[in-house]
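Here's the structure, in structure tokens; my notes come after.
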Amino acid sequence: QVQLVESGGGEVQPGGSVRLSCAASRIAFSIYRMGWYRQAPGKERERVAIILGDSKTQYADSVAGRFTISRDNAKNTVDLQMNTLKPEDTAVYYCYASVAGFEYWGQGIQVTVSP
């Protein structure tokens, strides 16, 4: 079974930075579309960033220019560097993997941005 394990969350002040990492196992990682989603209290889960196997990226408008997604196909990891964080970035962040119509999710990790 595919496993996605997130790490790196926590609490940070506005304007600060956090780096999330997701380690994937039991998949042919390089062919998977990988990404990060988030869900804030009382809101629907939303896509934050996607990275394809060829490392092409897509970002939500709300994070473009502040967040950077990257992948290491040799290590089976996908990272999300989050800079200039705002209180509205507070959410549980989920690692995501998909291929051929199958989708997998990590357990989620909390990021809290507060003074």
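Measuring from label point to label point, each 7 Å out along Cα→Cβ, what is the THR84 to GLU11 span in nm?
2.6
Among the lysines, select those whose C-alpha is under 27 Å from the C-alpha of LYS43, and discard any that sit fewer than 8 residues away in the same chain.
Within reach: LYS86.
Modelling each spin label as a point 7 Å along the Cα-to-Cβ direction, I'd like the SER30/THR112 distance in nm, to one decimal.
The answer from the label model is 4.1 nm.
If you take the square roots of the eigenvalues of the alpha-carbon gyration tensor of region 28-68 and sort them as a ≥ b ≥ c, do you get rounded (a/c under 1.5), prolate (a/b over b/c) or oblate?
oblate
So how exposed is VAL5, as accessible area in Å² (1.4 Å probe, rounded to 10)?
We get 80 Å² for VAL5.
Note down the relative contact order for region 9-115 as a percent, whole number, built from C-alpha pairs under 8 angstrom at least six residues apart.
36 percent.
Using 0.36 nm times the number of residues separating THR57 and GLN3, minus their current alpha carbon distance, what extension gain do you get?
Working it through step by step, the gained length comes to 17.2 nm.
I'd like the trypsin sites (Lys or Arg not before Pro) in region 2-105 restricted to DSSP loop residues with at most 10 other Cβ atoms within 10 Å, sorted by number.
Those that pass, being in a loop and sparsely packed, are LYS43, LYS56.
The values are calculated or read from the model by the stated rules, or taken from the named source; none is laboratory data. Just so you know, these numbers come straight off a predicted model, no measurement behind them. Methodologically, a virtual Cβ is constructed for each residue, glycine included, from the backbone with ideal geometry; neighbour enumeration extends over all protein chains shown. The accessibility values were calculated without ligands, DNA or RNA, using every heavy atom of the protein model including side chains. Shrake-Rupley method; radii C 1.70, N 1.55, O 1.52, S 1.80 Å.
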